[in-house]
Amino acid sequence: MTQNSTGKLSFFLRSVKDVISFFFVLTKKVRKTKIFFILSFLPVFMAFIVKFSQIFSLSRNIEGIYIFNNMIMAFYMQFLILILALFYGTSVNSEELEGKTLTYLTTRPVSKSAIIIGKYISYTVLTIIMTTLGVVFSFLVLNLNDLHKLYLYKILLRDVAVLGLGLMCYTAFFTFVGTILKRSIMFGLIFSFGWENVIQYFPGSTQKFTIVHYLKSLLPSSSTGRFSFLLFRLEPSSTGIAIFMLVLISIVFLALACLLFTFKEHILED
């Protein structure tokens, strides 16, 4: 009995690994990935513009780390990771239906759960790589004169980790959404730029019903500065609670997506 269970687990893990490697290589080459890769580098171009303007400006320059932190908040956390997670998460299921490749996948000696988990991991890793590259290059450009200061790299690692957790959590949620809804992109846009970008500013416990609340709870609060409106009314949860909730949300929605994909009857449209 134990050997049988071990064999099933080994087969499942091997299946997940095969799905990850296949879709990671495949997705790197598609046009969508190239477009999102360029999008993820927009802050780098913005960083160059800011840096050149500081070089030729006679006025007092704003610290690069200050601009960097607010760029993370304004562009990556409020926009990019939502877009990446939405389009990659919902496509875990929908691209197989639209491309009529679902029958081929489900007839292979691979469990349906392994397909969902493998594609989820490959897409999450890919989006984390895209985001991290943009963040790192932005950091280097904006802090060109202060790269000898070691504390700056702690900030960089923290921001990369927070964005990675955000992509992990949002992608799991949108994987579930893409499995249960036909119009998943429309719902995702409403959720991302409606619910997530509005409810986070509600006072009290209401804001805790958003994912972004737990992401912002992992960043240091700032009560002053030009961009402090991004943390307006934030009542942060503790670091431990924030990490626990992000991991829990990811596991729950990924598990629900696996269950739905396994037992739901999928109808391929002409």
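The values are calculated or read from the model by the stated rules, or taken from the named source; none is laboratory data. These numbers come from a predicted model, not from an experiment. Because the Cβ atoms are built from the backbone with ideal geometry, glycine has one as well, and the counts that use them run over all protein chains shown.
Tabulated data for the structure shown
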quantity: Subset of the stretch 51-74 (residues that are closer than 17 Å to D159 by Cβ and β-branched (V, I, T)); calculated: I65, I67, I72
quantity: Qualifying position, being more than 24 Å from V110 (Cα to Cα) and either modelled with pLDDT under 85 or among the hydroxyl-bearing types (S, T, Y) (or both), among L218, L230; calculated: L230
quantity: Of all residues in the stretch 24-47 being surrounded by 13 or more Cβ atoms within 10 Å (Cβ to Cβ) and β-branched (V, I, T), the one that is nearest to F137 (Cα to Cα); calculated: V44
